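All remarks here apply to the structure that follows.
The values are calculated or read from the model by the stated rules, or taken from the named source; none is laboratory data. Quick caveat, the model's predicted, so the values are computed rather than measured. All Cβ positions, even for glycine, are placed from backbone atoms using ideal geometry, and neighbour counts span all protein chains on display.
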Amino acid sequence: MKNVIVGQSGGPTSVINSSLLGVFKTARDRGADTVYGMVHGIKGLLDGDIVDISTRIKNDLDMDLLKRTPSSFLGSCRYKLPDIEGNEKTYEKIFKILKEYEIFAFFYIGGNDSMDTIKKLSDYGAKIKSPIRFMGVPKTIDNDLAITDHTPGYGSAAKYIAATTKEIIRDGLVYDYPVVSVIEVMGRNAGWLTAATALAKGEDCEGVDEIYLPEKVFDVDKFVKRMGELLKKNRSVVVAVSEGVKVADGRYVCELADHVDYVDAFGHKQLAGTARYLAGKVAEKYGVKTRAIELSSLQRCASHITARVDVTEAFNVGGAAVKAAFEGLSGQVITLKRVSDDPYMCITEPADVHFIANVEKKVPDEWITDDGTNVKPELTHYIRPLIQAEIMPLWVDGLPRHIRLQSETEKKAK
Ligand code: F6P
């Protein structure tokens with residue numbers, strides 16, 4: 001029996017289902033008997049919530065829809081496995097379930113937190129000399145994974161952010177009175193996504209006035225003063241700020257306004273409200289109209305504007321993970337290695353999960369301007385190939401068509 005199992009974990013992207021498809025198709029092509037899916041990642045596996053993917057993705061149309069459906073088809077989780085030592089019972093349970101399902105290879109599609117799961121499972125597997133192979137498939141809009149040139153999911157989010165920024169800039173100039181628009185972009189402690197707003201600038205667009213990344217300490221008073229200076233020159237001021245900008249004492253700017261209560265299993269605080277807080281400060285000081293634009297989940301689920309490059313690479317890393325596992329590798333993550341910029345070309349390469357799990361890759365200092373209010377051309381040069389080309393949704397009745405995992409109750413009700 002050659003069964004495999006796959007799960008999706010962490011924040012979703014608009015192309016994470018292409019990686020799922022890459023695992024599913026390649027595993028079947030390589031002779032896997034059944035490709036199981038964990039519903040809500042490792043948490044679902046522990047709860048016995050497991051589906052045979054072929055009963056849900058039945059034909060070519062389903063596969064085409066899966067590729068064009070945002071978010072995680074199987075459902076996701078933010079679940080941290082406990083340390084192995086002292087918690088062997090949890091691992092015994094997981095390996096017992098994997099044995100029951102006759103699993104030969106385990107694939108987890110996720111970011112740096114999710115790769116912690118692959119690290120712990122492969123370490124435990126090695127300890128008990130289990131033959132099961134554990135492979136990580138990279139994804140995150142944040143682009144903060146170590147070793148890999150970039151992560152699947154980032155290019156499409158960057159494309160959405162840049163396109164939306166262009167639209168916001170046009171909208172900001174519509175009136176004959178001043179408006180300050182503050183765009184808040186995801187990315188937690190890495191500024192890769194916020195930097196994508198720089199792509200808006202071109203022959204048909206003025207571009208954003210300033211860009212603030214979490215890699216630099218943020219000064220609220222300086223920011224407000226700067227907005228005053230820009231308002232003297234421009235009718236419309238558009239700035240991009242990362243959700244993760246922090247003031248000198250280490251607090252997130254959003255914490256200055258709202259009390260942030262929610263903290264996930266990995267200890268991450270929920271970040272939101274940065275733009276609202278800053279726009280409020282500017283309105284209070286100068287009495288101008290302001291807009292706080294939180295891109296929030298829109299930037300990670302916009303499957304109507306994905307980058308074809310990203311969709312293809314997302315599929316390829318899934319396929320490469322299966323190939324590596326079938327060739328005997330375990331405890332590895334598939335990475336992308338850029339071999340050429342012009343023409344743009346990336347290859348896949350496995351890397352030891354221990355160098356990737358829980359590590360955050362930040363924007364290098366040399367790609368940020370010295371005053372910390374913008375990014376350098378090297379950064380846009382790096383991003384631009386990743387947003388290229390498009391994959392159109394399948395439009396039905398004027399809207400993009402998606403595929404979703406129906407629960408057993410829903411299926412029975414039909
Ligand atoms: O994991 C990527 C990400 O989208 C981050 O950019 C963001 O900070 C976080 O997820 C939000 O997570 P959640 O969906 O758990 O609120």
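Does residue 135 satisfy being within 16 Å of the ligand (Cβ to nearest atom) and either surrounded by fewer than 24 Cβ atoms within 10 Å (Cβ to Cβ) or of a type outside the set (Val, Ile, Thr) (or both)? No, not satisfied. Checking 184, 215 one by one, the residue that is in contact (Cβ under 8 Å) with a residue 40 or more places away in the chain, touching a strand residue (DSSP E or B) at 6+ places or on another chain (Cβ under 8 Å), within 17 Å of residue 275 (Cβ to Cβ) and not aromatic (Phe, Trp, Tyr) is 184 and no other. In summary, residue 43 fulfils each of the numbered conditions (1) more than 25 Å from residue 188 (Cα to Cα); (2) surrounded by fewer than 24 Cβ atoms within 10 Å (Cβ to Cβ) with the single exception of condition (1). Against the conditions (1) over 30 Å from residue 149 (Cβ atoms); (2) within 13 Å of the ligand (Cβ to nearest atom); (3) surrounded by fewer than 20 Cβ atoms within 10 Å (Cβ to Cβ); (4) not basic (Lys, Arg), residue 273 satisfies every one except (3).
Residues in region 391-411 include at least one that is of a type in the set (Val, Ile, Thr) and modelled with pLDDT under 95. If only residues of region 193-207 that are part of a helix (DSSP H, G or I) and of a type in the set (A, V, I, L, M, F, W, C) are counted, the one that is farthest from the chain's Cα centre (by Cα) is 200. The single residue among 357, 351 that is assigned to a loop (DSSP other than H, G, I, E, B) and under 30 Å from residue 266 (Cα atoms) turns out to be 357. Just one of (1) within 23 Å of residue 163 (Cα to Cα); (2) within 19 Å of the chain's Cα centre (by Cα) fails for residue 215. It is (1).
Counting only strands (runs of 3 or more DSSP E) that sit completely within region 1-103, those holding 1 or more residues that are among the hydroxyl-bearing types (Ser, Thr, Tyr) and farther than 25 Å from residue 298 by Cβ correspond to 35-38.
In region 229-250, how many are within 16 Å of the ligand (Cβ to nearest atom) and either surrounded by 24 or more Cβ atoms within 10 Å (Cβ to Cβ) or free of Cβ contacts under 8 Å to residues at least 12 places away in the same chain (or both)?
Adding up the residues that qualify gives 6.
Considering every residue within region 71-78, establish whether at least one is of a type outside the set (Val, Ile, Thr), surrounded by fewer than 20 Cβ atoms within 10 Å (Cβ to Cβ) and away from the ligand (no atom under 16 Å from the Cβ). The answer is no; no qualifying residue exists.
When residue 352 is tested against the conditions (1) away from the ligand (no atom under 16 Å from the Cβ); (2) touching a residue at least 60 places away in the same chain (Cβ under 8 Å); (3) in contact with a Gly (Cβ under 9 Å, 6 or more places away or on another chain); (4) not small (Gly, Ala, Ser), the lone failure is (2). If the condition is being among the hydrophobic types (A, V, I, L, M, F, W, C), touching a Lys or Arg at 6+ places or on another chain (Cβ under 6 Å) and under 16 Å from residue 289 (Cβ atoms), then region 161-215 contributes only 179. In region 79-115, the residue that is surrounded by the most Cβ atoms within 10 Å (Cβ to Cβ) out of those that are under 17 Å from residue 314 (Cα atoms) and more than 14 Å from the ligand (Cβ to nearest atom) is 107. Looking only at region 145-155, residues that are part of a helix (DSSP H, G or I) and within 13 Å of the ligand (Cβ to nearest atom) come to 1 in all. Within region 104-144, being closer than 30 Å to residue 295 by Cβ and part of a helix (DSSP H, G or I) holds for 115, 116, 117, 118. Output the residue which, of all residues in region 378-399 that are in contact (Cβ under 8 Å) with a residue 12 or more places away in the chain and part of a strand (DSSP E or B), is surrounded by the fewest Cβ atoms within 10 Å (Cβ to Cβ). The selected residue is 390. Checking each residue in region 332-342 for being surrounded by fewer than 20 Cβ atoms within 10 Å (Cβ to Cβ), at pLDDT 95 or above and not β-branched (Val, Ile, Thr) picks out 337, 338, 340.
Close Cβ contacts (under 7 Å, 6 or more residues apart or on different chains) running from residues in region 120-141 that are closer than 18 Å to residue 96 by Cβ to residues that are part of a loop (DSSP other than H, G, I, E, B) and of a type in the set (Phe, Trp, Tyr) are absent.
Only one of the listed residues (363, 263, 309, 288) is at pLDDT below 95 and over 29 Å from residue 130 (Cβ atoms). That residue is 263. Would you mention how many residues in region 262-293 are acidic (Asp, Glu) and in contact with a strand residue (DSSP E or B) (Cβ under 9 Å, 6 or more places away or on another chain)? The total comes to 0. Give region 156-197 a look and list any residue that's of a type in the set (S, T, N, Q), surrounded by 24 or more Cβ atoms within 10 Å (Cβ to Cβ) and within 14 Å of the ligand (Cβ to nearest atom), or say none. Residues satisfying the conditions are 156, 194.
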